[in-house]
Amino acid sequence: MRSTQIRSTFLDFFTSRGHRHFPSSPLIPSDPTLLLANAGMNQFKPYFLGEVTPEFPRATTIQKCARTSDIDNVGRTNRHATFFEMMGNFSFGDYFKADAIAFAWELLTQGYNLEKDRLWITVYQDDDEAEQLWRKIGVPAERIQRLGMEDNFWSMGVPGPCGPCSEVNYDRGPAFGREGGPAVDGERYVEIWNLVFMQYQRGEGDKKGDFPILGDLAQQSIDTGLGLDRLAAILQDAENVCGTDLLRPTLTTVQELAGRDYPGSAEEKVSFQVVTEHARSIAYLIADGVLPAKDGRGYVLRRLMRRAVRHARLLGIDQAVLAPATASVIANLGGVWPELTAQAALIEQVVTAEEESFTRTLAQGTRLLNAAITRSRENRSTTLTG
Ligand code: SER
């Protein structure tokens with residue numbers, strides 16, 4: 001199934017079940033506590049907190065998300081990305097666990113035709129109700145696993161709504177990893193859909209689970225996120241997003257620039273994926289108004305550009321890479337995301353300037369490093385001081 005059909009299947013399913021389709025919010029969020037939009041629920045935070053009463057109790061979106069907490073995993077796993085589209089359905093004090101679970105099961109097994117016995121479920125350790133609901137729908141007990149705060153309790157990472165969650169994971173088969181379910185191997189049993197049962201409010205604190213719960217929300221709500229990249233990889237039988245129709249044209253551009261084929265060696269495979277995946281994030285960030293800077297979201301963008309250039313050089317690409325790679329993202333995805341096409345000239349200008357200046361910095365740094373290494377060797381040392 002092509003990605004355009006994956007998106008339309010999702011939106012049709014939820015709009016025909018009373019959800020209002022809202023556009024994605026920009027990657028620069030209106031919430032001052034967030035650097036970048038990182039989940040579909042961001043734009044609805046005031047609804048979950050009960051600060052604003054929504055006009056519609058049910059919503060659905062396809063949200064542009066940027067997350068860099070797993071940046072070092074890009075290309076090293078099949079599931080991590082710094083940008084992705086998250087398809088979501090939301091209930092603001094309307095339906096809760098039973099309907100969220102029933103909707104997800106019906107769409108996955110009938111809308112996307114995923115095999116039932118490849119779906120594994122995780123629930124929060126104390127959530128007997130969620131486990132019972134999955135059992136009732138037909139998931140056998142041996143494919144339901146209970147996990148703790150770290151895996152099955154979702155919060156924004158900043159104060160706001162939060163709650164236990166239940167994840168739907170797809171078994172990609174033995175070629176992808178070890179047996180034993182998502183509790184054992186997240187690569188083989190890849191998380192595709194996260195259903196969050198929003199019912200508490202969190203305060204300040206560590207994002208890994210020891211933050212204070214300030215109390216119950218006034219109403220129980222639903223926030224879900226189904227990853228388009230991961231679902232496309234499954235439905236298109238691709239190893240990862242670079243092999244799907246979302247990014248294959250960009251991977252082709254990078255291969256042409258490198259003058260060799262993906263995957264190559266293990267390290268080259270990582271580099272191909274980093275350049276391809278980061279090109280997409282870079283294009284979307286600039287289209288939404290992020291410009292390279294020394295700090296904040298501008299620094300996130302700069303870091304993505306520098307990483308992409310460095311990995312391109314490792315592939316032997318000595319000419320400009322960011323302009324052609326982002327141009328191919330725009331050509332491929334601009335029909336779905338018109339802001340890419342509208343900002344194509346700006347994207348080209350920003351990436352070209354940044355790549356030129358980084359290339360100079362890199363050349364100068366390499367000269368200095370080589371000189372230091374030579375001096376060190378002359379002194380018969382194998383160590384450079386920090
Ligand atoms: N907010 C949840 C997540 O980001 C579900 O959408 O995983």
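With no solvent and one equal point scatterer placed on each C-alpha of the chain, evaluate the Debye formula and give log10 I(q)/I(0) for q = 0.12 Å⁻¹, two decimals.
-0.96
Normalised by the number of residues in the range 265-358, what is the relative contact order in percent for Cα pairs under 8 Å and 6+ residues apart? List each step's numbers first, then the result.
On the way: 106 pairs, mean separation 32.3, N = 94.
The normalised contact order for the range 265-358 reaches 34 percent.
For ARG380 and ASP126, calculate 0.36 nm times their separation in residues minus their Cα-Cα distance, and state this gained length in nm to one decimal.
That pair, ARG380 and ASP126, stretches by 85.3 nm at full extension.
How do ILE286, ILE213 line up, fewest other C-beta atoms within 10 Å first?
ILE213, ILE286
Angle check, please: helix 296-314 long axis (alpha carbons) against the longest principal axis of the chain (alpha carbons), in degrees 0 to 90, nearest 10.
60 degrees
How far is the Cα center of the range 53-114 from the Cα center of the range 287-352, in Å?
26 Å
With just the Cα atoms defining each centre, how far is the range 118-140 from the range 366-381? Give it in Å.
60 Å
Order by neighbour count: PHE176, PHE211, PHE197, fewest other Cβ atoms within 10 Å first, most last.
PHE176, PHE211, PHE197
Starting with the fewest neighbours, write out ASP99, ASP70, ASP117 ranked by other beta-carbon atoms found within 10 Å of each beta-carbon.
Taking fewest neighbouring Cβ atoms as first place, the list is ASP117, ASP70, ASP99.
Net charge around PRO32, counting only other residues with Cβ within less than 13 Å of its Cβ (Lys, Arg = +1; Asp, Glu = -1)?
+1
Which shape class applies to the range 315-357: rounded if a/c is under 1.5, otherwise prolate when a/b exceeds b/c and oblate if not, where a ≥ b ≥ c are the square roots of the Cα gyration tensor eigenvalues?
It is oblate, given that a/c is not under 1.5 and a/b is not larger than b/c.
So for the chain, taking the charge dipole from beta-carbon charges (+1 Lys/Arg, -1 Asp/Glu), which of THR352, PRO26, ALA218 sits furthest toward the positive end?
THR352
Return the calculated 222 nm mean residue ellipticity for the chain, to the nearest 500 deg cm²/dmol, obtained by summing -39500 (n - 2.57) across DSSP H runs with n ≥ 4 and dividing by the residue count.
Estimated from H runs of four or more residues: -12500 deg cm²/dmol.
The numbers here are math on the coordinates, done by the rules we state, and not lab data. This structure is a prediction, so every number in the text was calculated from the model and none was measured. Every residue, glycine as well, gets a Cβ built from its backbone with ideal geometry; the counts of neighbours run over all protein chains shown.
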